[in-house]
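The values are calculated or read from the model by the stated rules, or taken from the named source; none is laboratory data. All of these numbers come straight from a predicted model, not from anything done at the bench. Cβ placement follows ideal geometry from the backbone for every residue including glycine, while neighbour counts extend to all protein chains displayed. Protein only, heavy atoms only, side chains kept; ligands, DNA and RNA dropped before computing areas. Shrake-Rupley method; radii C 1.70, N 1.55, O 1.52, S 1.80 Å.
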Amino acid sequence: MSIEVTELDPWQDADEWDRYVERSDGTNPFFRADAIRLQAQDTGTTPHLLVGFKGQEAVGIFPIFEFTRGPVTGAFSPAPQSWSCYLGPALLNVDKLKQRKADRRIERFLEGCFEWLETELSPLYTRFVAAEFADVRPFVWNEFDVEPEYTYVVDLEGSEDDLLDRFSSDARSNIRNADDDAYTIEEGDTDDVERIVDQVAARYENQGRAFHLSPDFARSLHRTLPDGSLRPYVCRVDGEFLGGILVVESETTRYRWQGGVRPDADTTVSTDLAINDLLDWHVMRDGLRDGLEYYDLVGAGVPSINRYKAKFNPRLVTNYVITSGAFGFDLAVDRYRKYR
């Protein structure tokens, strides 16, 4: 039986789409219909929710964002310059299949999506990120360009002491020797979401780098997504906000989405605390207590940042960036985001 790819409406079919998101192992809160609509609004794109069916059984989902300027169209997942966590395709009901059947199902699902793309959008340029989707061979077979990217993932297993013992000596020392009475780390509120985004934006500005994540977008995500999907972990000393991490949470994984930058130099609080070590430790410790399996540090491509992330003894995991079409279209998107 062939795979039929159908488009769902992000508004009218939101409940049905979210049921498929919840049943897939390769999704996160950014896949949910509410988050898709917010991403589309924030980036000036049109969302398309593709679902592959084998008879009545859903076998895969693929959220696509259409970016159109003048006569040309691009197709993206996640949305262009959205700073969202991972999107791309995700599978359902393949775990128990033998390899031959799984290969055939994945290939037919993706080929159905490719056919839909060509028929409905005919994009000049496409860019997808397959982060938790390992079998990218059908993209290669259909002449997409596939390039590896990397992230670090910490396995949340064993006891809290076991987890901490796997860290580097300086990380263990920073965490164990911190005076518990000198700071508080807790899950904050929507205002703290904005504080974290503003702190990251200031860090990027100081480095002369572009940062497109809107505080309003992040606040809307926190208000709209189910409780626990976006957790703002914040560190305060004497009641003053010093730093934080926005943590996205799926059924199995916590994602270090934004934050964890060097605290502001002009703070009125003087402290020798390793704030980011403590923040990451609390995120991992709480995830372990809640039965989660992984902490994805979201990226392992910048050597200076890698040195910090590697202290937690993560695994190196490969993701893929999949593109096709006109070189330079993504640069035009970047200019659009800069000036809108």
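Against the numbered list (1) touching a strand residue (DSSP E or B) at 6+ places or on another chain (Cβ under 9 Å); (2) exposed (fewer than 14 other Cβ atoms within 10 Å of the Cβ), Val193 comes up short only at (2). When you scan the stretch 26-47, do you find a residue that is open to solvent by 30 Å² or more (accessible area, probe 1.4 Å), more than 14 Å from Ala79 (Cα to Cα), in a helix (DSSP H, G or I) and out of contact with any Ser or Thr (no Cβ under 7 Å at 6 or more places or on another chain), even just one? Scanning the stretch 26-47 turns up no residue that is open to solvent by 30 Å² or more (accessible area, probe 1.4 Å), more than 14 Å from Ala79 (Cα to Cα), in a helix (DSSP H, G or I) and out of contact with any Ser or Thr (no Cβ under 7 Å at 6 or more places or on another chain). Restricting the stretch 117-152 to residues that are touching a Pro at 6+ places or on another chain (Cβ under 8 Å) and of a type outside the set (Gly, Ala, Ser), the residue that is most open to solvent (accessible area, probe 1.4 Å) is Arg127.
You will find that of Phe53, Phe114, Phe62, the residue that is surrounded by fewer than 22 Cβ atoms within 10 Å (Cβ to Cβ) and assigned to a strand (DSSP E or B) is Phe53 and no other. Taking the stretch 304-331 as the range and being open to solvent by 40 Å² or more (accessible area, probe 1.4 Å) and either at pLDDT 95 or above or more than 20 Å from the chain's Cα centre (by Cα) (or both) as the test, the residues that pass are Ser304, Arg307, Tyr308, Ala310, Asn313, Arg315, Leu316, Thr318, Tyr320, Gly325, Phe327, Leu331. I'd like to know if the stretch 85-94 contains one or more residues that are farther than 17 Å from Arg32 by Cα and crowded, with 22+ Cβ neighbours inside 10 Å. No, the stretch 85-94 contains no residue that is farther than 17 Å from Arg32 by Cα and crowded, with 22+ Cβ neighbours inside 10 Å. Report the residue count in the stretch 172-230 for those that are of a type in the set (Val, Ile, Thr) and more than 15 Å from Gly244 (Cα to Cα). Selection size over the stretch 172-230: 2. Note on the stretch 209-227: residues that are modelled with pLDDT under 95 and either in contact with a Lys or Arg (Cβ under 7 Å, 6 or more places away or on another chain) or among the basic types (Lys, Arg) (or both) amount to 3.
Residues in the stretch 163-197 that are part of a helix (DSSP H, G or I) and closer than 23 Å to Gly228 by Cβ: Leu163, Thr190, Asp191, Asp192, Val193, Glu194, Arg195, Ile196, Val197. I'd like the full set of residues that are open to solvent by 20 Å² or more (accessible area, probe 1.4 Å) and under 23 Å from the mean Cα position of the chain (by Cα), limited to the stretch 68-83. Selection gives Pro78, Gln81, Trp83. Within the stretch 206-260, the set of residues being under 17 Å from the mean Cα position of the chain (by Cα) and hydrophobic (A, V, I, L, M, F, W, C) comprises Phe211, Leu213, Phe217, Ala218, Leu221, Leu225, Leu230, Ile245, Leu246, Val247, Val248, Trp257. Contact map, the stretch 122-136: first residue on the phi > 0 side of the Ramachandran plot, second residue surrounded by fewer than 22 Cβ atoms within 10 Å (Cβ to Cβ), Cβ cut-off under 7 Å, separation 6 or more or different chains; pairs are Ser122/Thr73.
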